[in-house]
Amino acid sequence: MTGRLERICLEHGMRMSGQRRAILDILDKANDHPCAEEVHQRVVHVEPTISLATVYRTLNILAQIGILSRVELGDGKAHYEEAGEGHHEHLIDVETGKVVEFCDPTIEALLREAAGRLGYRLLQYRLEVFGEAAGAPRANLRPASPLARSWPSVGPVLPANSKPPFCFPLVSSTAHLK
């Protein structure tokens with residue numbers, strides 16, 4: 001049985017090897033955003049001779065032709081998801097690495113407004129938000145993931161009374177966010 005991603009690849013005229021089919025099958029079944037190493041760990045059970053280089057090459061080709069999207073989740077690795085899954089943002093838990101997908105039309109409206117103020121029309125955007133669970137105990141916090149150990153604490157980066165030129169005050173249309 002041909003999987004969804006394999007059908008899309010065939011429509012793009014890609015040749016299908018057994019290893020490429022196995023990678024596509026793993027990606028079809030993924031309910032997360034795997035990096036190349038994770039894809040390799042999963043596919044090696046089906047194709048024991050597949051190399052990590054083959055996985056990297058395949059993922060890069062799939063991203064270049066627009067079948068997959070690269071997503072940066074803050075751990076220094078490129079993660080992948082199917083392109084065209086509808087617009088959504090990613091909230092990454094810095095303690096666990098868990099990725100929560102969400103869609104908030106208010107964010108897009110704010111970005112369109114900001115682009116307009118700068119004289120641009122918003123074509124597309126990507127948003128990865130990093131956070132921790134509300135009410136997470138801070139005193140005995142021991143990072144569970146490498147991401148948590150490497151992520152700086154959030155604090156003021158500029159003096160309190162300064163703003164870079166691209167910051168705009170929130171307008172009344174965002175009052176419902178509170």
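The values are calculated or read from the model by the stated rules, or taken from the named source; none is laboratory data. All figures in this text were calculated on a predicted structure; none of them were measured in a lab. Glycine also receives a Cβ, built like all others from the backbone with ideal geometry; neighbour counts cover every protein chain displayed. Side chains are part of the model used for accessible areas, which takes the heavy atoms of the whole protein and leaves out ligands, DNA and RNA. Shrake-Rupley method; radii C 1.70, N 1.55, O 1.52, S 1.80 Å.
If you go through the range 111-120 one residue at a time, do you hit one that is under 18 Å from the mean Cα position of the chain (by Cα) and either open to solvent by less than 60 Å² (accessible area, probe 1.4 Å) or under 26 Å from Pro34 (Cα atoms) (or both)?
Of the residues in the range 111-120, the ones under 18 Å from the mean Cα position of the chain (by Cα) are none.
Within the range 111-120, not a single residue is under 18 Å from the mean Cα position of the chain (by Cα) and either open to solvent by less than 60 Å² (accessible area, probe 1.4 Å) or under 26 Å from Pro34 (Cα atoms) (or both).
Looking only at residues in the range 21-31 that are surrounded by 12 or more Cβ atoms within 10 Å (Cβ to Cβ) and within 17 Å of Ser69 (Cα to Cα), which one is modelled with the lowest pLDDT? I'd like the intermediate steps shown before the answer.
Going through the range 21-31, the residues surrounded by 12 or more Cβ atoms within 10 Å (Cβ to Cβ) turn out to be 21-28, 30.
Next, from what is left, pick out any that are within 17 Å of Ser69 (Cα to Cα): 23-28, 30.
Numbers: Ile23: 95, Leu24: 94, Asp25: 92, Ile26: 93, Leu27: 92, Asp28: 89, Ala30: 86.
Filtering the range 21-31 for residues that are surrounded by 12 or more Cβ atoms within 10 Å (Cβ to Cβ) and within 17 Å of Ser69 (Cα to Cα), the one modelled with the lowest pLDDT comes out as Ala30.
Gln41: open to solvent by 60 Å² or more (accessible area, probe 1.4 Å) and within 20 Å of Ala78 (Cβ to Cβ), yes or no?
Numbers: open to solvent by 60 Å² or more (accessible area, probe 1.4 Å): yes; within 20 Å of Ala78 (Cβ to Cβ): yes.
So Gln41 passes the test.
Is the range 68-76 home to any residue that is more than 19 Å from Phe130 (Cβ to Cβ), outside any loop (DSSP other than H, G, I, E, B) and either touching a residue at least 60 places away in the same chain (Cβ under 8 Å) or touching a strand residue (DSSP E or B) at 6+ places or on another chain (Cβ under 7 Å) (or both)? Break it down into steps so the answer makes sense when it comes.
Step one: list which residues in the range 68-76 are more than 19 Å from Phe130 (Cβ to Cβ), which gives 68.
Those left that are additionally outside any loop (DSSP other than H, G, I, E, B): 68.
Then keep just the ones that are either touching a residue at least 60 places away in the same chain (Cβ under 8 Å) or touching a strand residue (DSSP E or B) at 6+ places or on another chain (Cβ under 7 Å) (or both); that gives 68.
Looking through the range 68-76, at least one residue is more than 19 Å from Phe130 (Cβ to Cβ), outside any loop (DSSP other than H, G, I, E, B) and either touching a residue at least 60 places away in the same chain (Cβ under 8 Å) or touching a strand residue (DSSP E or B) at 6+ places or on another chain (Cβ under 7 Å) (or both).
Look through Gly76, Gly131, Gly84, Gly66 and report the one residue that is among the small types (Gly, Ala, Ser), at pLDDT 75 or above and open to solvent by 50 Å² or more (accessible area, probe 1.4 Å).
Numbers: Gly131 fails: open to solvent by 50 Å² or more (accessible area, probe 1.4 Å); Gly84 fails: at pLDDT 75 or above; Gly66 fails: open to solvent by 50 Å² or more (accessible area, probe 1.4 Å).
Result of the check over Gly76, Gly131, Gly84, Gly66: Gly76.
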